[in-house]
Every structure is written in C-alpha cells, then in structure tokens.
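The values are calculated or read from the model by the stated rules, or taken from the named source; none is laboratory data. Predicted model, so just to flag it, every value in this text is computed and none were measured. Neighbour counts run over all protein chains shown; Cβ positions are idealised from the backbone, glycine included. To get the accessible areas, we keep the full protein, side chains included, count just its heavy atoms, and leave off ligands, DNA and RNA. Shrake-Rupley method; radii C 1.70, N 1.55, O 1.52, S 1.80 Å.
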Amino acid sequence: MSSTLHDHPATRPATRPTAGTADRHQPRLPVPAPRGPLSAALLAVLPAGPPDDDAHDRLATAQTLATTAARAGDEVLHDADVQLALAVLYALHHRGVEGVDDAWEWEPALLHLRRTLERPFEAALRARAGHPRGPATGAADVARHLFALAAADDGPSLSRYVARHADAEQVRELLVLKSLYQLAEADQHTWAVPRLAGGPKAALVEIQADEYGGGQAGRMHAELFAATMRGAGLDDTYGRYVDVVPVPVLVALNTMSLLGLHRRLRGAAVGHLAAFEMTSSVPSRLYGNGLRRLGHDASTTGYFDEHVEADAVHEQIAARDLAGGLVEDEPALADDVALGAAVCLAVEGDVAAHALERWAAGRSALEGPWRDVPGGTRG
C-alpha cells in the first residue's frame, strides 16, 4: 500500500486553502493532499461536517483500508498513505486541521481507526529501535546509559554536511523538512507534564519553559524558527509544507505524538526528549555555521544559535533529573526510557539519511517543489 505524493492525482482535493486563510495566531494544519486511498477516504469525511450518529458508517471505508494497511507490519514505516493519515489524526489533538470540526478529536469511531494504525506503528518502531533495555539502578546510571546511546549513534551527520557543503536551496529544503515540528516546537513532549510528578515533572517544566520562551512569545523557539524560515525566503505558516515532506519526516513527527499522547508510554516520551536534547547542541552550531557560510546574519541564524547554549544545559537536565529521576521513582519504566531514546535516534537518523542520499544523487530531499505549495514562498 506504500505510495508517494503523486501516485493518486484523482484523490487530490479540487481546491487547496490559500496562504492567509487561517488565523495566523491560531494556525491549524492545512488540509493535505491525500497520498493514497486511506488518507483520501479519511479526508473525504473529516472536512464534510462534525461527527454525528452516522460517524461509524461514514468512516467505514477508511476503517477497512486501515485494517488492511495494518497487516503490512513494519512496512507502515515506509507507507506515505498510513503516515499521512496518522499525522492528520494526531493533528486533531494539537493545532487541529483547517475546516475540520474539533468535535472529531474524541469521536470513538475515529479513535478506533487511529488505534488500528497505531498498533502496527508502535510495533514497527520497537523493532526499528532494537527493543533496547535500560538500567533501573539509579539516575546516574540512566544518564550514563543515555549519553552512551547518543555517543554510539553512527547515523549520517546532516548538520556537518550543511555546515560545509549545502547550497542555498538545500538549506531551504532542510528548513522545510524541520518545519512541521519546529513551528510547533515542544508541544508533543509537553503532553508528559501532567503524567509526571515531583522532580521529573519539575525538570520537564524547566526544559519546556525555555522552549516556550520563558513566557515571552517572541522568544518561543517556534517563533525563532519562523524567523529563520522568513530569512531563507520561506513561508513560516504552520504546516504549509505538509504536502512536500517525505515519509521519514512524517514518521518522526508521528513518533513524538504517539509517545506523548499515551500515558503508558510516558517513559518513552521522556527518553525521546532526552535523546532529542542530547543530539541538538552541536548540530545546531553546525547548522548556524552553514547559514553564516551562505551569508545569513543573526536574524536568520538566531534559532540555531539559541539552541547551542540552551540544549547543552537541557541535555543534562533531561538525562539526569528527568529521565534518571523518573526511573528512580518508577524503575519499571527503565526499558521504556531506553526505547524512547533509541527510537528517537533511529527515526531522526532516517530523516538525515533520506536527505543526504537524495542530495548525493543530485535530487531534492522533498516530494515536490516547495515553491509550488500555495503560499510557499515570500520571494
């Protein structure tokens, strides 16, 4: 059932929202173009009106397709149709989707469809991460284990390539790849706050407070990233480039939502955040250097410059006080913390590998020209 953006032209919406139609202060995910029969069936229902007593019947086709897709096992990690459907379903719990009634968020028939897709997705992520085990012997041991996992990661370095070799167009593609998460940075991990207590909760709040600018809207990391996008000539509207990001980006985004939205996976959400922070400071310095090499000033590099210092602090808090503290409080979560860290390194590495392989072959890392996206350029 794997498909690409252009495999199903007949299922694409007749019209697309234009830039500026959404409230820029409360941006929702633009309705994406389907990437296969499942996402087409889902997107034929959701914008058609709020759920009613017939919601189960209206979703019958999508549910049947989801059940079929779920039988593909690990292939769901490569299935653009499945990953887009999950991204839309998760978006209902975050910013929402343009033209989709918020009442769909907790519609039982839709939750059943999501669960059908989540089961094979979670199983595939566990397999991709190698079913890791973590120490349950104390905060210091947990921290050492997480730092060792990050240090042992031998995935390709996208940041080093950007620092030394990327041209202006490749840097724009990098920012597009990052935009679905970075324009709403930290939201998925924030779901863990009410699921923790004591020291781990305080540690997570400390990290997230920095992510959200310490109460200053203009200092929120999402706003800093928006400025970087504008400086590179890109549209900074949330979700604008959903149609052109490749499958690995959707997988990485959906992974964070899966871990964040399930209390039983709170340990994995914490481990994911720890690995995310551990692998941010040095790459951010390299990304900033790449932008400076191409002539950009501090107004564009500010997002990455901010993360050089901030994440060097965050990684210590995340490893010891957050992840280590959580395992000290709940030793049974040790393996889940290790899982979250390992799966973060794996799926983020898949994004980097995809981009570098495409660029090495002289191709775009995106699934279509970003300039063709409505509102996709300011130039």
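For the chain, the carbon plus sulfur part of the accessible surface works out to 52%, probe radius 1.4 Å. Residues in segment 141-151 carry Karplus couplings, in order, of 5, 4, 4, 4, 4, 5, 5, 5, 4, 5, 5 Hz; the curve used is 6.51 cos²θ - 1.76 cosθ + 1.60 with θ = phi - 60°, and Gly or Pro positions show x. The convex hull around the C-alpha trace of segment 300-374, projected and averaged over every direction, spans 7.9 square nanometres. Per-residue Karplus couplings for segment 67-82, computed as 6.51 cos²θ - 1.76 cosθ + 1.60 with θ equal to phi - 60°, are listed in order as 4, 5, 4, 5, 6, 7, x, 4, 5, 4, 6, 10, 9, 4, 5, 5 Hz, Gly and Pro entered as x. The residues neighbouring Ala166, those whose beta-carbon lies less than 13 Å from its own, together hold a net charge of +3 under the Lys/Arg +1, Asp/Glu -1 convention. Accessible surface computed residue by residue for the chain, with neighbouring protein chains in place and a 1.4 Å probe, gives 40 Å² per residue. Only alpha carbons enter this Debye calculation for segment 187-263, each as an equal point scatterer, and the log10 of I(q)/I(0) it gives at q = 0.17 Å⁻¹ is -0.86. For segment 220-358, the average shadow cast by the Cα convex hull is 9.0 nm², which is a quarter of the hull's surface. Percent of C-alpha pairs per 5 Å bin in segment 168-299, short distances first: 2, 10, 18, 21, 21, 15, 8, 4, 1, 0.
If you wrap segment 105-164 in the convex hull of its Cα atoms and look at it from every side, the mean projected area works out to 7.6 nm². By the helix-only formula, in which each DSSP H run with n ≥ 4 contributes -39500 (n - 2.57) and the sum is divided by residues, the chain has a 222 nm mean residue ellipticity of -18000 deg cm²/dmol. For the pair segment 327-374 and segment 64-109, the centres of their Cα atoms are 19 angstrom apart.
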